[in-house]
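Here the structure is laid out as structure tokens; the discussion comes afterwards.
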Amino acid sequence: MVAKTDYERLVLFVRTASLDVLVQRLMSSGLLKKQVRCSHCTLQMQLGTNADKGDGFRWICMNKHCSHYKTTIGLRVGSFFAGFKASLSDLCTVIFCWLLEKPAKDIIADFGISKNLATKVTQKLRGVISIGFKSFFVN
Ligand SMILES: [Zn+2]
């Protein structure tokens, strides 16, 4: 079990880290994919920057023979974060605070995160855990 102070350090980290560092950390911990294959040519896509918007990165098919050459997909594909528009920093904050059993009103007050986002993230977390335990009882 991780000590409470470890979670608090994680929250501080996700609130202050640069996007590059946060993305690398999420990849190295398996929370974001490190490799993505093009759904058309099945070759490995390259991680490119997308400084103008979103997470700052995107996956790009660089196979010149692929009909979807230079097609991009979002960094969050296949991860817990897919489907959310909020920043990775805000999403990680809600997740770590939820793990700390911090009341939703504190998450909202301390970090300026909307109640709607906090609710959606915690509902998804409960859903993921619930699915895991349902398969635990079936197997
Ligand atoms: Zn391709």
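Only one of the numbered conditions (1) touching a Leu at 6+ places or on another chain (Cβ under 8 Å); (2) in a loop (DSSP other than H, G, I, E, B); (3) under 21 Å from Ser89 (Cβ atoms) is not met by Arg58, and that is (2). Do we find that Lys34 is loosely packed, with under 15 Cβ neighbours inside 10 Å, of a type in the set (Lys, Arg) and in contact with a helix residue (DSSP H, G or I) (Cβ under 9 Å, 6 or more places away or on another chain) in this structure? In short, yes. Does Phe81 qualify as being in contact with a helix residue (DSSP H, G or I) (Cβ under 8 Å, 6 or more places away or on another chain) and either outside any helix (DSSP H, G or I) or among the polar types (S, T, N, Q) (or both)? Judged against the criteria, Phe81 is a match. When the residues of region 48-71 are filtered to those that are of a type in the set (Val, Ile, Thr) and either near the ligand (Cβ under 9 Å from one of its atoms) or at pLDDT 95 or above (or both), the one that is surrounded by the fewest Cβ atoms within 10 Å (Cβ to Cβ) is Thr71. Being part of a loop (DSSP other than H, G, I, E, B), basic (Lys, Arg) and assigned by TED's automatic domain parsing to the domain that holds Val11 holds for only one residue in Lys64, Lys102, Lys53, and it is Lys102.
Residues that are farther than 15 Å from Met45 by Cβ, in contact (Cβ under 8 Å) with a residue 12 or more places away in the chain and surrounded by 15 or more Cβ atoms within 10 Å (Cβ to Cβ) do occur in region 102-110, at least one of them. For the residues Val36, Val94, Val21, the requirement of being within 16 Å of the ligand (Cβ to nearest atom) and out of contact with any Ser or Thr (no Cβ under 6 Å at 6 or more places or on another chain) singles out Val36. Within region 23-46, the set of residues being outside any loop (DSSP other than H, G, I, E, B) and either farther than 13 Å from Thr72 by Cα or at pLDDT below 95 (or both) comprises Val23, Gln24, Arg25, Leu26, Met27, Ser28.
The values are calculated or read from the model by the stated rules, or taken from the named source; none is laboratory data. Not measured: the values here are computed from a predicted model. Note that each Cβ is placed from the backbone with ideal geometry, even for glycine, and that neighbours are counted across all protein chains shown.
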